[in-house]
Amino acid sequence: QVQLVESGGGLVQPGGSLKLSCATSGSMFSFYTMAWYRQAPGKQRELVASITSGRRTQYGDPVKGRFTISRDNGRKTLYLQMNSLKPEDTAVYYCNAAFGETSYWGQGTRVTVSS
C-alpha cells in the first residue's frame, strides 16, 4: 500500500503562486506515473498534469503555460508549481500514483484563489 500526502495548499491572491508537494511512501515511486488532479465545488475531478517515469509531461488545457509538474525520485516526492493563479483554479488538488492497474490517491490539499 502506498501513502500519498499532499501539502502546500492555501489562500493566495489572483496572479500569485503556490507550490504543492506530494510525499509518498514505498520503494516504487520512480516507476509510477504521477499526476495532479483537482476538483472544484460542484464539478467533476479533472486532470491538471501528469509525469511519467520517463519524465514525459502532459497538462490540462486550463493550466498550460502556468503550471509545471516535476518529480524528485530520490525524495519520492511530486511537485506542482502553480503561477499566475486565477480564481477558477480554486479547488481541492489531489495527488495520484499509477502503475498498471493500480492507482493510489492522496487526501487532497485545498487551494483558494481570491482577493
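The values are calculated or read from the model by the stated rules, or taken from the named source; none is laboratory data. Here the structure is a predicted model, which is why all the values come from computation and not from measurement. All Cβ positions, even for glycine, are placed from backbone atoms using ideal geometry, and neighbour counts span all protein chains on display. Remember, those area values only see protein heavy atoms, side chains included, never the ligands or the DNA or RNA. Shrake-Rupley method; radii C 1.70, N 1.55, O 1.52, S 1.80 Å.
What relative contact order, as a whole-number percentage, does the chain give when Cα pairs under 8 Å and 6 or more residues apart are counted?
Relative contact order of the chain: 37 percent.
State in Å² the accessible area per residue of the chain; use a 1.4 Å probe, count heavy atoms of protein chains only, and round to the nearest integer.
Per residue, the chain has 55 Å² of solvent-accessible surface.
Computing the accessible area with a 1.4 Å probe over protein heavy atoms, can you report the carbon and sulfur percentage for the chain?
So the carbon and sulfur contribution to the accessible surface is 45 percent.
Add +1 for every Lys or Arg and -1 for every Asp or Glu among the other residues with Cβ under 13 Å from the Cβ of residue 25, and state the total.
+2
Using each residue's phi in region 67-72, evaluate 6.51 cos²θ - 1.76 cosθ + 1.60 at θ = phi - 60° and report the 3J(HN,Hα) Karplus result to the nearest Hz, with x for Gly and Pro.
Listing the rounded values in order: 10, 9, 9, 8, 9, 10 Hz.
Taking only the Cα atoms of the chain, how large is their convex hull per residue, in Å³?
Convex hull of Cα atoms, per residue: 94 Å³.
Starting from the Cα-Cα distance between residue 107 and residue 19, subtract it from 0.36 nm times their residue separation and give me the gain in nm to one decimal.
Full-extension gain reported as 30.0 nm.
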